[in-house]
Amino acid sequence: MAEELVMPRLSDTMERGTIARWLKREGDAFTSGEVLAEIETDKALMELNAYDDGVLLRILVPDGGEADLGAPIAIVGQAGEEVPDPPAGAAGEPVAAPPVDAEPAAPSSASATAPATPAAELRASPVARRLAGEHGIDLRVLAGRGSGPDGRIVKVDVERLIGKLGEGPALTAAGPTPAPPKPVPASLAGEVRIERPSSMLRAIAQRMGESNGPIPHFYVESQVDMRRALDLRRELNEALAGDAKVSVTDMIVRASALALMEHPEVHRSWVAEGLAYHPHANVGIAVALDEGLIVPVVRQAEARSLVEIARTADDLAERARAGRLLQDEIEGGTFTVSNLGMFGVTRFMAIINPPEPAILAVGATVDTPVAEGGEVVVRPIMTLTLSCDHRATSGAGGAALLQSLKRLLEQPVLLLA
């Protein structure tokens, strides 16, 4: 019997997906577990696998089309079955999500701009919350008066409120906030090229907005003499002879994991329930892609050898650039290492990826004159800048973690223990 194939949840924060490309065409048969399509989520390019044997009878959302979570994207069934007409839109156009956001008339102007009573319960769909966040709107002004069941706020409610506000400031419970970015002036319309951001870039923008405002960052910095670490790396790579090559980033990941285990007061996240202590160091490694940034995670890095970390990190980075990471390989990080040294950047400050408690920014290793034993000598110096969530730890805690990192990298034999 023909049935709808819907947009699946492929990441924990996913609300919409984009069909990067269909690997099967209409009329093609498939078997259980076979890849039907590649879907771009807010985190990565993921594969959509068939749940059973069948035939792809009709494609509802074409290559490049978007659909909400749970919306139909294709019709599957058995060969020869009749297929009903698409439920919405012309053939080949993306199909809208089920009509959860198709609602009755909007509230009046007065009710749309007046804060709700404190007793009103705030119920809102994920799409409505995201849209409100993008426009700086506090949903409490609509609490209990949404168009959905039991006053649930849905997408159309937020859209109507945005329309009423027009070009004025966005509405929050505490008062006006800066308006969202304005469109390109007509005078520049012919000079500026506008591109729709990818799902990944939209997610990065949203996550960074959630981070650098609400999360009180503080930064501590230290300079590391990398002489011994570079010597050890060279010896290891000569001994491996064609096997996995150890990078500076691999050494920093290993050092970070060991340091985090030494300092549980830094390796904890501020969450709604309290302070969440992490039993393992799941270290993310920021990988730059053309369309943004992705952070695959080396799980339980404290229990992995330096060479094992090198093999794992190399595999993750290669598959990240090819868009072949699995969902659990980009989730669950407790700390991130971001290395821009290969781009000639000597120092920078990174933004925490919530709910992680900290992120380490790594600069280039530069030959630098330093004072040693009353003389000026040249040493390979690398600058580390640690960004910490001040709600979860103190300046002294961040400094202690950075001190341990410096010790491990300047005595790198400890990384082999």
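The values are calculated or read from the model by the stated rules, or taken from the named source; none is laboratory data. Everything quoted here is computed from the prediction, not taken from an experiment. Glycine also receives a Cβ, built like all others from the backbone with ideal geometry; neighbour counts cover every protein chain displayed. Protein only, heavy atoms only, side chains kept; ligands, DNA and RNA dropped before computing areas. Shrake-Rupley method; radii C 1.70, N 1.55, O 1.52, S 1.80 Å.
A few points about this structure:
- Complete set of residues in the stretch 296-306 that are in a helix (DSSP H, G or I) and over 12 Å from THR249 (Cα atoms): ALA301, GLU302, ALA303
- Residues that are touching a Pro at 6+ places or on another chain (Cβ under 9 Å) and more than 22 Å from LEU408 (Cβ to Cβ) were ranked within the stretch 211-238; the one that is modelled with the lowest pLDDT is SER211.
- Test: residue in the stretch 29-48 that is open to solvent by 60 Å² or more (accessible area, probe 1.4 Å) and of a type in the set (A, V, I, L, M): yes
- Residue list for the stretch 1-41, filter: among the acidic types (Asp, Glu) and modelled with pLDDT under 90: GLU3, GLU4, ASP12, GLU15, GLU38, GLU40
Residues checked against (1) within 19 Å of GLU38 (Cα to Cα); (2) at pLDDT 80 or above; (3) over 25 Å from the mean Cα position of the chain (by Cα); (4) not hydroxyl-bearing (Ser, Thr, Tyr):
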| site | (1), (2), (3), (4) |
| --- | --- |
| GLY54 | yes, yes, yes, yes |
| GLY64 | yes, yes, no, yes |
| ILE75 | yes, yes, yes, yes |
| PRO84 | no, no, yes, yes |
| PRO98 | no, no, yes, yes |
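- Residues (open to solvent by 20 Å² or more (accessible area, probe 1.4 Å) and either over 16 Å from GLU4 (Cα atoms) or without any contact (Cβ under 8 Å) to a residue 24 or more places away in the chain (or both)) located in the stretch 54-65: ASP63, GLY64
- Strands (runs of 3 or more DSSP E) wholly inside the stretch 234-292 containing at least 1 residues that are closer than 14 Å to THR336 by Cβ, open to solvent by 20 Å² or more (accessible area, probe 1.4 Å) and not β-branched (Val, Ile, Thr): 287-289
- Residues of the stretch 308-325 that are within 27 Å of GLU40 (Cα to Cα) and without any contact (Cβ under 8 Å) to a residue 24 or more places away in the chain: THR312, ASP315, GLU318, ARG319, ALA322.
- Within the stretch 378-402, the residues that satisfy the criterion of being aliphatic (A, V, I, L, M) and either open to solvent by less than 30 Å² (accessible area, probe 1.4 Å) or not in a strand (DSSP E or B) (or both) are ILE381, MET382, LEU384, LEU386, ALA392, ALA396, ALA399, ALA400, LEU401, LEU402.
- Among residues of the stretch 373-417, those that are free of Cβ contacts under 8 Å to residues at least 24 places away in the same chain and under 23 Å from GLY341 (Cα atoms), counted: 3
- Annotation: of all residues in the stretch 356-377 being of a type in the set (A, V, I, L, M) and within 36 Å of the chain's Cα centre (by Cα), the one that is surrounded by the most Cβ atoms within 10 Å (Cβ to Cβ) is ALA358.
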